[in-house]
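Read through the structure below, which is laid out as structure tokens, and then see the notes.
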Amino acid sequence: MIYRSVLRKMRTSLAEEVNYFLDMDTDIIHMNQLLNREIAIYFVKYECLNCHKAKKIFRQGFCYDCFQASAKVGDWIMKPELSTAHLDQEDRDLDYEKKVQLQPHIVYLANSSDVKVGVTRKTQVPTRWIDQGAHEAIEVVEVPNRYLAGLTEVALKEHVADKTNWRTMLKNEIEDKNLVDIKNQLREFIPDEAQEYFIENNQEVEIHFPVLNYPKKLKSLNLSKKDNYRGKLVGIKGQYLIFQDDTVFNVRNNEGFVVDLELH
């Protein structure tokens with residue numbers, strides 16, 4: 001059976017093992033059910049997720065023009081400390097920026113390749129942790145806007161990492177850490193403006209991924225360089241599909257690519 005669609009990141013739900021769902025044009029595929037089955041992926045064309053034109057994807061599923069203009073990919077997305085909606089100052093679209101920035105945000109610790117600090121909207125917990133391939137995570141502060149979250153993250157990343165080593169995460173070369181202790185040790189470094197939002201007495205969340213075999217020597221599939229691939233699916237972690245031959249495919253990094261997905 002063949003399904004065609006523009007790729008978007010997989011939707012997830014937290015259960016005993018994370019459930020993954022891939023939206024295709026005519027169906028929603030429960031990816032967990034494809035473990036131990038062969039999948040073929042064929043690149044068809046590009047489709048910008050913003051303007052929907054068949055233009056080459058530049059970054060985050062957007063063509064170059066949309067990436068330069070859209071409020072959905074402003075600099076404050078990757079650097080929350082650049083948020084200005086709380087000051088009533090526009091970056092690209094103040095209405096949109098207020099909607100996203102002026103809502104509760106969580107600063108968290110996650111252990112995906114090692115302990116890292118991150119920021120997400122409260123509504124994106126635990127989705128953000130799953131997307132990063134974290135097997136444990138804990139909330140540190142809950143603040144009323146994105147700017148305060150970014151300010152806190154900047155302070156804490158002086159003491160812990162703020163990026164995931166995707167290779168270590170996919171190989172599962174990780175150690176369990178006591179995130180409660182680490183959170184409490186970092187408390188003194190939280191900026192004064194966010195100290196009142198520190199979350200007391202919470203526990204870490206454990207996350208288990210549907211992986212039969214972890215890869216040893218990673219081979220990353222890039223559809224802009226190799227327009228087709230076929231292999232047996234043996235795991236899903238973060239936003240990666242893991243195949244038996246150690247090929248890994250980052251669905252999110254290929255957003256905006258229209259593909260045919262053939263199931264065997």
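The values are calculated or read from the model by the stated rules, or taken from the named source; none is laboratory data. Keep in mind that this is a model prediction, so the values were computed, not measured. Cβ placement follows ideal geometry from the backbone for every residue including glycine, while neighbour counts extend to all protein chains displayed.
Quick notes
- Among residues that are surrounded by 15 or more Cβ atoms within 10 Å (Cβ to Cβ), at pLDDT 95 or above and in contact with a helix residue (DSSP H, G or I) (Cβ under 9 Å, 6 or more places away or on another chain), Phe249 is not included.
- Residue in region 127-136 that is within 21 Å of Val234 (Cα to Cα), of a type in the set (Gly, Ala, Ser) and assigned by TED's automatic domain parsing to the domain that holds Pro104 present: yes
- Residues that are over 15 Å from Asn36 (Cβ atoms), among the charged types (D, E, K, R), modelled with pLDDT of 95 or more and more than 20 Å from the chain's Cα centre (by Cα), drawn from region 220-246: Asp246
- Tally of residues being within 14 Å of Leu212 (Cα to Cα) and basic (Lys, Arg) across region 10-49: 1
- The set of residues in region 184-221 being under 23 Å from Gly238 (Cα atoms), in contact with a strand residue (DSSP E or B) (Cβ under 9 Å, 6 or more places away or on another chain) and not hydrophobic (A, V, I, L, M, F, W, C) consists of Gln203, Glu204, Glu206, Pro210, Asn213, Tyr214, Pro215, Lys219, Ser220.
- Selection status of Leu102, touching a helix residue (DSSP H, G or I) at 6+ places or on another chain (Cβ under 9 Å), within 24 Å of Asn253 (Cα to Cα) and at pLDDT 95 or above: no
- Region 1-54: number of residues that are among the aromatic types (Phe, Trp, Tyr) and within 21 Å of Gln244 (Cα to Cα): 4
- Scan region 150-176 for residues that are farther than 21 Å from Phe243 by Cβ and at pLDDT 95 or above and the total you get is 11.
- Residue within region 105-121 that is farther than 28 Å from Val160 by Cβ, out of contact with any Ser or Thr (no Cβ under 9 Å at 6 or more places or on another chain) and surrounded by fewer than 21 Cβ atoms within 10 Å (Cβ to Cβ) present: no
- Residue selected from region 205-246 under the condition aromatic (Phe, Trp, Tyr) and farther than 23 Å from Tyr108 by Cβ, by the criterion surrounded by the fewest Cβ atoms within 10 Å (Cβ to Cβ): Tyr214
- Count of residues meeting criterion [out of contact with any Gly (no Cβ under 9 Å at 6 or more places or on another chain), assigned to a strand (DSSP E or B) and closer than 28 Å to Tyr46 by Cβ] in region 194-240: 10
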